[in-house]
């Protein structure tokens, strides 16, 4: 059973999400929050697997609430939901530790899939807000590049392939290694770089100059 907390300042929105999720046998809504501070408190007290986090909430917004929740419970997975397709929100959500970013007009099936993907350790960002936004922010960042000295040559190669949107199976096929070995390389580079998700790895790949804008593909579930 995947335990979910709903964080949105609109009661009707939370009710709608609860109705959608209650129809799924493997999803359980364990708490609701009307603002960011309450969301962080529920994450600490209830230890949910996933939080559906609105961005614009009174008191403490969803980005800061995500940052605090992840700091307190590193294993919690945050699905950021918003009506605003704004670049700065996506990048801020990435940096705060979100594992998924979806617009509120996403289909019910996409929302449910996102919860299951992140609960299983994956990442999922709406296709139209993924790679172009990461690339745009990478281009506008400081010219000071992030260094990757701790990565082996093979891990750097795998990071580049992750940034191009390849799955573990596709990486394994391309490098002629087992899928298990590919997964191990991905897990190792994430650990060395202190990252929570493949999407954050894409940002690092761009900011380090390992991958250039325009060479990648949208990131989906692993």
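Bear in mind these aren't lab numbers, they're just calculated from the coordinates by the rules spelled out. Source: prediction; values computed, not measured. Cβ sites come from the backbone with ideal geometry, for glycine too, and all protein chains shown count toward neighbours.
For region 2-128, the share of alpha carbon pairs falling in successive 5 Å distance bins from zero is 2, 13, 26, 28, 22, 9, 1, 0 percent.
Cut-off is 10 Å between beta-carbons; in what order do 26, 35 appear when sorted fewest neighbours first? It would help to have the intermediate numbers written out before the result.
Working: 26 11, 35 19.
By the 10 Å Cβ count, ascending: 26, 35.
FRET efficiency for the residue 1 to residue 72 pair, using the beta carbon distance and R₀ = 25 Å, is estimated at 0.70. Of the residues 181, 150, the one with the fewest other Cβ atoms within 10 Å heads the list, and the complete ranking is 150, 181. At an R0 of 30 angstrom, the distance between the Cβ atoms of residue 60 and residue 156 translates into a FRET efficiency of 0.20. Remark: spin-label model distance residue 120-residue 107 equals 1.8 nm, labels positioned 7 Å along the Cα→Cβ axis. Once the C-beta distance of residue 25 and residue 169 is scaled by a Förster radius of 30 Å, the resulting FRET efficiency is 0.60 to the nearest 0.05.
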